[in-house]
């Protein structure tokens, strides 16, 4: 009924009681701060997670096809896979371990041999290049990460020595002197420190492989989230004697950890909203205690218990809704400020500002959770007011 909402609104304003007004403001602020914190934290977690996911997709193919003994005729396999639905590009690669020798030091690295022209359509290595271009990746040259270049002081055009373990005379390994043709920066320190890239023909020489062989095939899809279906289609097409891995399979533990961390923080911050709901309970209890006379008069003129209960339920819901709206506005505002103006170390994250991403699903869950908590908080005070007998309320009047 209209009068229920009108009375609730009057009690919410509490124009004749500064203390009740103060309690209402504190209750609203508690809900607002909880909602605001939830929106900002989930947005930041989502932003960093998606940023990391983009970097992983940018440095590795969506799907990798490998075989323990190597792929003898990679061109034929590439053609078979390329004809599948949702596949937009394929590229052969050779990957293995080598040592980098410098000033008497030896550092173990991962060497990746690629087809430069095809690799442009598979990963974003060309976008990560700080110096040089993929077209300059020829036999006799090597691309190194920015962390590795900084650690040893390498510059473009300098010569580096790579050792292929166990492939040379007496198992000492062959030494290959290559020139630094480019330096890349993915923004992930592990990649930039431990990965070097060469032409696939150079990798075949280093690992003593035939000119038609590779260790794997990289596949790029129209949608990286369709990898599960395409993975099964690849198995049906080429058989199960190959190992087919997706970018999700390789980084499953990382993504699960990010997921648990995000929702763990969501649960922890939801507790903040629950604590704020106790302010709503205390506010309504004080309101009920101070409005005993009003409740007695309303009941004496025939107002039913359900209407009394609705009056205080509406008041609690109004407090929750106002807090949610202020929290929503504050959370979106702070997220915009973080995303636009707050700087982060570019050398660590490869971005200039905090990567905040607000998703409608997350916001909906936060708003619904806060509303439900606020509503539940009204049940006890509203029921207490509804059960108050008019005789008791007016005894001392």
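Looking only at region 11-22, filter to residues that are in a helix (DSSP H, G or I) and surrounded by fewer than 15 Cβ atoms within 10 Å (Cβ to Cβ); which one of those is modelled with the lowest pLDDT?
Restricting attention to region 11-22, the residues satisfying the condition of being in a helix (DSSP H, G or I) are 11-13, 18-22.
Subsequent filtering for residues that are surrounded by fewer than 15 Cβ atoms within 10 Å (Cβ to Cβ) retains 13, 18-19, 21-22.
Values: 13: 70, 18: 73, 19: 74, 21: 77, 22: 80.
Here the residue is 13.
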(Q) Suppose we keep only residues that are within 38 Å of the chain's Cα centre (by Cα) and within 14 Å of residue 115 (Cα to Cα) within region 198-213. Which one would you say is surrounded by the fewest Cβ atoms within 10 Å (Cβ to Cβ)? (A) 201
Q. Taking the stated definitions as given, is residue 57 crowded, with 16+ Cβ neighbours inside 10 Å, closer than 30 Å to residue 240 by Cα, in contact (Cβ under 8 Å) with a residue 40 or more places away in the chain and in contact with a strand residue (DSSP E or B) (Cβ under 9 Å, 6 or more places away or on another chain)?
A. no
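Among the listed residues 88, 44, 40, 25, which satisfies the condition of being under 30 Å from residue 307 (Cα atoms) and either in the same structural domain as residue 285 (by TED's automatic domain parsing) or not in a helix (DSSP H, G or I) (or both)?
Values: 88 fails: under 30 Å from residue 307 (Cα atoms); 44 fails: under 30 Å from residue 307 (Cα atoms); 40 fails: under 30 Å from residue 307 (Cα atoms).
25 is the lone residue from the list that is under 30 Å from residue 307 (Cα atoms) and either in the same structural domain as residue 285 (by TED's automatic domain parsing) or not in a helix (DSSP H, G or I) (or both).
Okay, residues lined up against (1) within 15 Å of residue 8 (Cα to Cα); (2) part of a helix (DSSP H, G or I); (3) modelled with pLDDT under 80; (4) in contact with a strand residue (DSSP E or B) (Cβ under 7 Å, 6 or more places away or on another chain):
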site	(1), (2), (3), (4)
240	no, no, no, no
244	no, no, no, yes
248	no, yes, no, no
253	no, yes, no, no
262	no, yes, no, no
280	yes, yes, no, no
322	yes, yes, no, no
Q | Residue satisfying condition, being under 31 Å from the mean Cα position of the chain (by Cα) and touching a residue at least 40 places away in the same chain (Cβ under 8 Å), within set 249, 192 | A | 192
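Mind checking which residues of region 147-159 are more than 16 Å from residue 112 (Cα to Cα) and either within 36 Å of the chain's Cα centre (by Cα) or buried (at least 20 other Cβ atoms within 10 Å of the Cβ) (or both)? I'd like the intermediate steps shown before the answer.
Filtering region 147-159 for residues more than 16 Å from residue 112 (Cα to Cα) gives 147, 149-159.
Once the filter is applied, which keeps residues that are more than 16 Å from residue 112 (Cα to Cα) and either within 36 Å of the chain's Cα centre (by Cα) or buried (at least 20 other Cβ atoms within 10 Å of the Cβ) (or both), region 147-159 yields 147, 149, 150, 151, 152, 153, 154, 155, 156.
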Q: Return the residue satisfying two criteria in turn: it lies in region 56-85 and is under 28 Å from residue 187 (Cβ atoms) and assigned to a loop (DSSP other than H, G, I, E, B), and of such residues it is modelled with the lowest pLDDT.
A: 60
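Conditions (1) closer than 26 Å to residue 258 by Cα; (2) surrounded by 19 or more Cβ atoms within 10 Å (Cβ to Cβ); (3) more than 33 Å from the chain's Cα centre (by Cα), marked per residue:
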site: 44; (1), (2), (3): yes, yes, no
site: 51; (1), (2), (3): yes, no, no
site: 64; (1), (2), (3): yes, yes, no
site: 73; (1), (2), (3): no, no, yes
site: 99; (1), (2), (3): no, no, yes
site: 103; (1), (2), (3): no, no, yes
Q) Could you count how many residues in region 114-133 are surrounded by fewer than 19 Cβ atoms within 10 Å (Cβ to Cβ) and closer than 19 Å to residue 204 by Cβ? A) 2
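The values are calculated or read from the model by the stated rules, or taken from the named source; none is laboratory data. Only a predicted model underlies this, so the values are computations on that prediction, with no experimental measurement involved. With ideal geometry, Cβ positions are generated from the backbone for all residues, glycine too; neighbour counts draw on all protein chains shown.
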